[in-house]
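I have placed the structure first, in the form of structure tokens, so that the comments after it can refer back to it.
The values are calculated or read from the model by the stated rules, or taken from the named source; none is laboratory data. Please read these numbers as outputs of a predicted model, since none were measured by experiment. A quick note on method: Cβ atoms are made from the backbone with ideal geometry, for glycine too, and the neighbour counts reach across all protein chains shown. Each accessible area value is taken on the protein alone, full model and side chains, heavy atoms only, with ligands, DNA and RNA left out. Shrake-Rupley method; radii C 1.70, N 1.55, O 1.52, S 1.80 Å.
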Amino acid sequence: MARYQDGAAASDVLDDFIAITNAAPRQSAGWTCLAWLQLLCDQPEEALRSARFAVKLNGQDPQARINLSVAMLETQAKGVRDHIQVVQQILAVAPEVTQELQASIADGLARKPGWPALTKVKSWLEI
């Protein structure tokens with residue numbers, strides 16, 4: 001995680017997170033990170049599977065739901081609105097999470113400028 005935060009390319013740390021999820025398959029945070037990296041690496045089908053599993057493990061993780069929403073948009077899967085609504089509900093009761101999500105979205109747009117699916121999610125969440 002530190003390498004990614006220090007600016008390493010998503011593709012450079014992707015295999016590390018595959019190893020993490022293989023070693024600890026019941027940890028939602030690993031799947032959430034893996035889905036994000038897969039999205040950044042233009043692997044939307046893989047990201048969709050990883051994000052679905054992250055949400056299954058922890059349905060209250062707004063980042064997992066955002067990743068799932070982006071992956072669903074990129075694969076034209078149905079049901080995005082439900083996940084956006086859950087994130088909106090979480091933000092209503094836990095507004096302190098907003099800054100963390102804003103930072104994540106800003107990171108995504110910096111690493112993948114003009115990312116249409118993430119831009120849509122950002123506008124829907126109004127963050």
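Only one of the numbered conditions (1) at pLDDT 95 or above; (2) over 24 Å from F17 (Cβ atoms); (3) of a type outside the set (G, A, S) is not met by P95, and that is (1). Of everything in segment 73-85 that is assigned to a helix (DSSP H, G or I) and open to solvent by less than 50 Å² (accessible area, probe 1.4 Å), the residue that is farthest from K122 (Cα to Cα) is T75. Name the one entry in L48, L40 that is touching a helix residue (DSSP H, G or I) at 6+ places or on another chain (Cβ under 7 Å) and either without any contact (Cβ under 8 Å) to a residue 60 or more places away in the chain or on the phi > 0 side of the Ramachandran plot (or both). Result of the check over L48, L40: L48. Out of A8, A64, one residue alone is of a type in the set (A, V, I, L, M) and assigned to a loop (DSSP other than H, G, I, E, B). It is A8. For segment 98-127, taking the residues that are part of a loop (DSSP other than H, G, I, E, B) and open to solvent by 80 Å² or more (accessible area, probe 1.4 Å), the one that is modelled with the lowest pLDDT is identified as E126. The set of residues from segment 74-127 being touching a residue at least 40 places away in the same chain (Cβ under 8 Å) and of a type in the set (S, T, Y) comprises just one member, S104. Each residue in segment 20-67 was checked for being surrounded by fewer than 16 Cβ atoms within 10 Å (Cβ to Cβ) and under 9 Å from the mean Cα position of the chain (by Cα), and 0 of them qualify.
Can you say whether V70 is buried (at least 19 other Cβ atoms within 10 Å of the Cβ) and under 14 Å from W124 (Cα atoms), as far as the supplied structure shows? It is true that V70 is buried (at least 19 other Cβ atoms within 10 Å of the Cβ) and under 14 Å from W124 (Cα atoms).
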